Amino acid sequence: MKITVLTILFLVFLSCKNATEKGTEQTQIVVDSTGLKIEKAEKPTENSKLISFLENPIDLQKFKSKNNGNVTTSVNNGLKYQYHPAINDSIFYGYNFITDSIGPKGINEIVVFKYGENKHRFEDETEILIEMRIFNKDSDLGKANLIGLSKKELESEFGNHYLTFDNGIAYSNKNKVLILELENSKIKSYNYIKLSTEKIDIDLIRKIAE
């Protein structure tokens, strides 16, 4: 009997120690008539839909092919907060897409990082998506067609773990952020950005949203 009790206590000690060291698991111990049974319950994972969206919010090449005739382009040097890949012979390129209805804030813009021999070509599959500034609905955006969605719908999709600022909210993961301007609890506009930093706080959000 003593051996059984000591074995149970030893296993309990090991399970508690492992749960403390890993930090990502919770251990629940249940004793039944057959002896000691150890069940592990994992912590809830991060919102996979949000992470997936921030990693790849749009099929850029597919979107461009659908809107080839409704776009103007511009070249710029990029902004300090934007992600700057360490690649020479490169430029930042802005695609300005004209939609059926254009709001007071202007037209939708997508900023990309282009490099190499295709950097001045529209048909460039090597370009890197850097930022989306979306003010108007556009069904061609697919899952990124967020304008007009309610805050409740957004929380249902991406969860309620976000930063709150003056007139909106911001979701983030690593160096990617989704900043949404709200009006009457509905999305009025948004910025999706790959940042030059993973340190994302309210000050940075406000600076970008200005």
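Listed values, structure above:
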| read-out | value |
| --- | --- |
| Backbone HN-Hα couplings from phi across the stretch 57-64 [Karplus 6.51/-1.76/1.60, Hz, Gly and Pro as x] | x, 8, 7, 4, 5, 5, 4, 4 |
| Residue-normalised accessible area of the stretch 48-209, expressed per residue, 1.4 Å probe, Å² | 53 |
| Options 77, 204, 120, ranked by Cα towards positive dipole end of the stretch 48-209, top entry (Cβ charges) | 204 |
| Separation of the residue 65 and residue 183 label points, Cα + 7 Å toward Cβ, nm | 3.5 |
| Paramagnetic reach from residue 55 (point 7 Å along Cα→Cβ, amide N under 20 Å) across the stretch 93-132 | 126-132 |
| Low-density loop cleavage sites - GluC sites (Glu not before Pro) in the stretch 81-152, where at most 13 other Cβ are within 10 Å (DSSP) | 123, 125 |
| Pairwise FRET efficiency - residue 167 versus residue 86, Cβ, R0 = 35 Å, nearest 0.05 | 0.50 |
| In sequence order, calculated HN-Hα J values of the stretch 176-188 (Karplus, 6.51, -1.76, 1.60; Hz; x Gly/Pro) | 10, 9, 10, 9, 10, 8, 10, 9, 6, 6, 10, 6, 8 |
| Residues whose placed amide H lies under 5 Å from that of residue 136, excluding near-sequence neighbours | 108 |
| Neighbour-limited loop hits for trypsin sites (Lys or Arg not before Pro), the stretch 95-149 (at most 14 other Cβ within 10 Å; DSSP other than H, G, I, E, B) | 105, 121 |
| Residue-by-residue Karplus 3J(HN,Hα) for the stretch 115-131, coefficients 6.51, -1.76, 1.60, Hz, glycine and proline x | 8, x, 5, 9, 5, 10, 9, 5, 7, 9, 7, 8, 4, 10, 5, 10, 8 |
| Segment residue 117-residue 149, length gained on full extension (0.36 nm per residue, minus Cα span) | 7.5 nm |
| Ranked order, 122, 97 - accessible area, probe 1.4 Å, largest first | 122, 97 |
| Carbon plus sulfur fraction of accessible area for the stretch 48-209, probe 1.4 Å, in percent | 45 |
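The values are calculated or read from the model by the stated rules, or taken from the named source; none is laboratory data. None of these values were measured; they are calculated from a predicted model. Quick reminder, even Gly has a Cβ in these numbers, built from the backbone with ideal geometry, and neighbours come from all protein chains shown. Heavy atoms of the whole protein, side chains included, go into the accessibility calculation; ligands, DNA and RNA do not. Shrake-Rupley method; radii C 1.70, N 1.55, O 1.52, S 1.80 Å.
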